[in-house]
Amino acid sequence: MAGLIPRDFIDDLLARTDIVELVDSRVRLKKAGRNYQACCPFHNEKSPSFTVSQDKQFYHCFGCGAHGNAISFLMEYDRLEFPEAIEELARYQGVEVPREQGNSPQQSKEKRQQQENDYELMEKVARFFVHQLKHHSNGSQAIDYLKQRGLSGDIVKQFNIGYAPSDWDAALKTFGRTPALQQQLLDLKVISENEQRRRFDFFRDRIMFPIRDRRGRVVGFGGRVMGDGGPKYLNSPETRIFHKGHELYGFYQARQANRKLERLMIVEGYMDVVALAQFGIDYAVASLGTATTAEHIQLLFRAAPQLVCCYDGDRAGRDAAWRALENALPYLKDGVEMKFLFLPDGEDPDTLVRKLGKEAFEQQLESAVPLSKFFFDSLMSRHHTKSNEGKAALKAEAMPLLASIPECTQKKMLEDQLNEYTLEDKNLRLKREIEEAFQRHKPRQVDNQLLSKHSWTPIRLLLRLLLEEPSLAAKYPELAPSALGKVPISGLDVLQQVHEDCLANPHYKTPHLLERFRGHKIQESLSKLMTMDLPVDDSNPLEDLYRDGFDRLINLYLQTRCDELLAKARLGTISMEEKRELNNLMRDL
């Protein structure tokens, strides 16, 4: 469904949800004082360190550090992307997800119902193919083929591999009992129709690989022929729920097998993915008969810090690798790595892993060609840099590609390498180094690490109190951190930002506030701060702590400003107006 999910809806959804009830539906919780406990679902442990707070609507594991609100839990536990987690939570609450700039509510509801029906039908068709593998008269031939390919019964079951009968209308007869159902099968490309309006199964006499989306729903199929006929692979055409450029075979299974993916490998065939998984290499995915698209790259970089592209070593394989590299450049960033493994002639991942075994195969991955080397090796094979003309041609091709990379260290290193190949004047590099040195010596504005220290500084205390009770901002509007301006107190701008958000949304509770900062650079710090207990008791009520924290912040501000002006006075750069301000501050302090 197109359009953004309105923020008000997300806030309302969090307000409706009891995180204890949600977590308990997936992990059995036990009452422990004011909170609830369980063994952490995100790492192996014998004694419970996973705590869920009903008051704060927040979970935290003291073992592995996992923490967050109801949306975070669904993203972690069900391995969903953010929009999918919102949809799952809405379904849990029995409400529809509205979309900004989308269709009318009635159209959206009908479209939603159509999608649900489509996913349900495709799941039934997938189970039908699995059943045919075991019970059809030709099923034994399909099983023999899978055995010849070295696949075990367990891996066939894990990937729900099935068999499409050789009959012309097996799926049509089973699922197309009414004209409406036949039309749905036609729309989903389970069946086809010829010019004479005769309808028949799209897949016949093939090994069937169901293609699942990120949420595990069957959206299409890949069918492999068992003999010498062609095409070797036949994929579902594009439908209203299946878009080849967005989906990857095996991605759902890889995320289910690995809570935190450290590496993903993209290969060319379904059989490669399944064979690698059988050998314990459960992080391989395959594009669906298309090149590796920009959407694929985005998806893979979000899921894991390292991507290895595994291609044939021939010209076609290297051309495919270059297209993948071009698509990846706009999404490069520090912290992600892309490598290329080119296979020997006559080998594919399926055959190679059987020949080498898991350990030796993974050693091949470790020595795969880094993006930077493949980038320049490819360019240098096309341009001779012994002449000025060759250097100019190399630069003319490389510069637009490098310009597509966002600003990051990787981009700078590639630019430096290009300068070395073209022997450019090193003044450019010197200029950059001077700029970087200047940046390093700029006054530091925010130190996010302060939020993870255990001393209650005024900033940390006020932040923790606002997280506990966001309504404090509206209750005491005169205590406004924004009035202090941009004085260089570490974390002040964080406090100002959180305070402004609380002031603008007096109805907010803790989970709403945390959700507001999802994806922000301070999200992790705020979440960690939530795990610390406030020094609140009868002698220190919440309101008194808040007022006292602000008084302490004012004193810190005065001292910091005083130190700033004293430094100017020592350097002889203080103005008359600043001298008067310094005298007043000294008197106040």
Checklist entry - For the chain, what is the Kirkwood estimate of the hydrodynamic radius, computed as the reciprocal of the mean inverse distance between distinct Cα atoms, to one decimal in Å? => result 28.6
Checklist entry - Relative contact order for the chain: what is it in percent, counting Cα pairs under 8 Å that are at least 6 residues apart? => result 8
Item to check | Gyration tensor (alpha-carbon) shape descriptor, the range 245-287, a/c threshold 1.5 | outcome: oblate
Checklist entry - Between their Cα atoms, which of Lys134/Lys260; Lys333/Lys395; Lys147/Lys373 are more than 30 Å away from each other? => result Lys134/Lys260; Lys147/Lys373
Checklist entry - So what's the net charge close to Val156: Lys and Arg +1, Asp and Glu -1, counting the other residues with Cβ under 11 Å from its Cβ? => result +3
Next on the checklist: Neighbour counts of other C-beta atoms within 10 Å: give me Thr573, Thr351 arranged from fewest to most.
Outcome noted: Thr573, Thr351
Checklist entry - What lysines sit close enough to Lys568 to cross-link, taking a C-alpha to C-alpha distance under 23 Å and skipping anything fewer than 8 places away on the same chain? => result Lys442, Lys486, Lys579
Checklist entry - Got a sec? How would Tyr36, Tyr270 order by Cβ neighbour count within 10 Å, fewest to most? => result Tyr36, Tyr270
Item to check | Percentage relative contact order, the range 456-559, counting C-alpha pairs under 8 Å, at least six apart | outcome: 41
Checklist outcome for this item: Taking 463-469, 236-242 and ranking on average Cβ neighbours within 10 Å, highest first, one gets 463-469, 236-242
Checklist entry - Using the scaling law 2.2 N^0.38 Å as the reference, what is the normalised Cα Rg of the range 285-413? => result 1.13
Checklist entry - Near Lys475, which lysines are there with a Cα under 18 Å away, not counting those fewer than 8 places off in the same chain? => result Lys509
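Throughout, read-outs are computed from the coordinates displayed, never taken from laboratory work. Just so you know, these numbers come straight off a predicted model, no measurement behind them. So basically every Cβ, Gly included, is an ideal-geometry build from the backbone, and we count neighbours across all protein chains shown.
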